[in-house]
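Here the structure comes first, spelled out in structure tokens, and everything after it is commentary.
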Amino acid sequence: MPPNFSLAIHGGAGTILHSDMTPGLQLQYETGLRQALDAGYQILENGGSSLDAVEASVMSLEDCPLFNAGKGAVFNNIGRHEMDAAIMFGKGSEAGAVCGVSNVKNPVRLARAIMQHHENVMLCGQGAEQFAKQHNIPFEDDQYFYTEERYKQWQQAQREDKVMLDHSGKKFGTVGAVALDKDGNLSAATSTGGLTNKKFGRIGDSPIIGAGTYANNNTCAVSCTGVGELFIRCVVAYDICCLIEYKGLSLKEACDIVVHDKLVKIGGEGGLIAIDKNGNIEMPFNSEGMYRACRSNAGINEIKIYP
């Protein structure tokens, strides 16, 4: 039998109301997810690495203004875009992460450069931007990241003097991808613009290895989306891997315990995508919806928003 390979992606979870979702807007989201799925899956299909696949999928989502990452990143309290990202390769536990950067076109690409060319795992702010320039990572001006929808959300948050989860509909705007390639290597990547009107250099779970992003060839790859502070406190991505490795649970059992029990008990709303070493895919969430898609050589091919 040929080796299994599979890919799953997400574009955020939260209160995604049917009443706010016109057929046209739903088609736009589904198109964005499909393009990202195609970008990563084509690499896997051609025998490429899971690392290349998750990077390609996340870059595609970063380039789509509908999602809160890259081009569609939300505004912080002072009207800037501060972005975070992480990537991890399950073979040898290699990882790279970046937080609080501005004007970097594709933060996930910078995270990978850190993983491959720097002795540290995580870089932040101006130092990370300096490193990006040394490694020819593309930058864009402020206008590139501007979208009218994000600007209106920021203005509303400013008027109400509060931090908002992507927008008033409480969507946790993060994008991510997990993949298993033909060589049996697992990878995960996550990218986000964080919270609308966020202050004081706030960082969520997305760039934190073990909290929002994790991959280990012996178990699974995970990318999370939700209330970042609670995902950090639960070390969600690593917890799922541990439940598989130390308790012998299946991927589904581990995901169900963390998403539908542990997180719920502390008010941790959101979801995640995960793939295990056998290519099984899980995309659980405890919110009203999650932008998600997956595909595998076993014939799975899904794009969904609601349960």
Within segment 228-253, how many residues turn out to be surrounded by fewer than 23 Cβ atoms within 10 Å (Cβ to Cβ) and either in contact with a Gly (Cβ under 9 Å, 6 or more places away or on another chain) or touching a residue at least 60 places away in the same chain (Cβ under 8 Å) (or both)?
-> 8
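In the set SER93, SER57, which member is of a type in the set (Ser, Thr, Tyr) and out of contact with any Leu (no Cβ under 8 Å at 6 or more places or on another chain)?
The unique qualifying residue is SER93.
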In segment 203-226, residues that are surrounded by fewer than 24 Cβ atoms within 10 Å (Cβ to Cβ) and either modelled with pLDDT under 95 or in contact with a Ser or Thr (Cβ under 6 Å, 6 or more places away or on another chain) (or both) total 0
Return only the number of the condition from (1) out of contact with any Cys (no Cβ under 6 Å at 6 or more places or on another chain); (2) in a helix (DSSP H, G or I) that LYS198 does not satisfy.
-> (2)
If you check GLY100 against the conditions, is it crowded, with 16+ Cβ neighbours inside 10 Å, in contact with an Asp or Glu (Cβ under 8 Å, 6 or more places away or on another chain) and part of a strand (DSSP E or B)?
-> yes
Mind telling me which of the residues ALA157, ALA113, ALA128, ALA132 ends up being of a type outside the set (S, T, N, Q), farther than 21 Å from GLY11 by Cα and at pLDDT below 95?
-> ALA157
Could you please tell me which pairs satisfy a Cβ distance under 8 Å, a separation of 6+ or placement on different chains, a first residue in segment 93-108 that is farther than 18 Å from CYS241 by Cβ and touching a residue at least 12 places away in the same chain (Cβ under 8 Å), and a second residue that is of a type in the set (Lys, Arg) and surrounded by fewer than 24 Cβ atoms within 10 Å (Cβ to Cβ)?
-> SER102/ARG80; LYS105/LYS71
Could you tell me whether segment 162-175 includes any residue that is at pLDDT 95 or above and within 29 Å of TYR29 (Cα to Cα)?
-> yes
Quick one: is THR15 over 11 Å from VAL175 (Cα atoms), free of Cβ contacts under 8 Å to residues at least 24 places away in the same chain and either touching a strand residue (DSSP E or B) at 6+ places or on another chain (Cβ under 9 Å) or of a type in the set (Ser, Thr, Tyr) (or both)?
-> no
Being closer than 23 Å to GLY248 by Cβ and of a type in the set (Gly, Ala, Ser) is the filter here, so list the residues in segment 259-297 that pass it.
-> ALA274, GLY279
Quick check: is even one residue across segment 4-19 part of a helix (DSSP H, G or I) and either touching a Phe, Trp or Tyr at 6+ places or on another chain (Cβ under 7 Å) or on the phi < 0 side of the Ramachandran plot (or both)?
-> yes
Taking the stated definitions as given, is GLN35 surrounded by fewer than 23 Cβ atoms within 10 Å (Cβ to Cβ), within 15 Å of TYR291 (Cα to Cα) and either more than 14 Å from the chain's Cα centre (by Cα) or not hydrophobic (A, V, I, L, M, F, W, C) (or both)?
-> yes
Can you name every residue in segment 45-54 that is in a helix (DSSP H, G or I) and either surrounded by fewer than 24 Cβ atoms within 10 Å (Cβ to Cβ) or in contact with a Lys or Arg (Cβ under 6 Å, 6 or more places away or on another chain) (or both)?
-> GLU45, ASP52
Could you please let me know if ILE257 is more than 12 Å from the chain's Cα centre (by Cα) and β-branched (Val, Ile, Thr)?
-> yes
Of those in segment 176-202 that are closer than 20 Å to GLY125 by Cα and of a type in the set (Val, Ile, Thr), the residue modelled with the lowest pLDDT is THR196
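Is it fair to say GLY24 is more than 18 Å from the chain's Cα centre (by Cα), surrounded by fewer than 14 Cβ atoms within 10 Å (Cβ to Cβ) and modelled with pLDDT of 95 or more?
Answer is no for this residue.
The values are calculated or read from the model by the stated rules, or taken from the named source; none is laboratory data. Please read these numbers as outputs of a predicted model, since none were measured by experiment. Positions of Cβ are backbone-derived with ideal geometry, glycine not excepted, and every protein chain shown enters the neighbour counts.
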